[in-house]
Amino acid sequence: MKEKEAKLSLGIASVPVQPWGELYGLETAFMQGTVFPDLDMPFFAADPPPGTEGYRRKRTSEDGKAELMQEIYEVSFLLDDLVLYLDTHPDDQTAFSIYQENSRRRKELKETFAKRFYPLTRDCMAVCGEFGWKDGEPPWEGGCC
């Protein structure tokens, strides 16, 4: 067995550097699982499995809570994807500028949510003027889902 292993050579992986390019809009990025169209490569050339179509429906609610939460999800996803990009491209000022702008946007959205409904995080409690999740379920109980 050792002779056979000695004849094998190690594989060498080559990963190209990701270029900056067009970005998907927030809703599309969230649904596709990436903000970068260049990285949107389907793994299967088939239709989605039966029963998964409902996942792509927009959340709606009478009080606007579901829509606001969806917007927070989408902006948060964009920020997560940009962090991964910026980890390997720390000098990309365009990406960093988009990150900063959307960081502010997420903060505003979370503050709006806290004022209208209940805090999503401890940081939002100052906006509500009191400490605690009195008007909603705490996040660990599914309150922000």
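Every number in this text was worked out from the coordinates using simple rules, so none of it is lab data. Being a predicted model, the structure only gives us computed values, none of them experimental. We place every Cβ from the backbone using ideal geometry, glycine too, and count neighbours over all the protein chains shown.
Calculated FRET efficiency, residue 91 and residue 40, Cβ-Cβ r, R0 30 Å, to nearest 0.05? Mind showing how you got there, number by number?
Values: r = 25 Å, r/R0 = 0.82.
So, using R0 = 30 Å, E works out to roughly 0.75.
Projected label points at residue 112 and residue 126, each 7 Å from Cα along the beta carbon direction, are separated by 2.1 nanometres. Taken along the Cα-to-beta-carbon direction at a fixed 7 Å, the label points for residue 27 and residue 80 span 2.0 nm.
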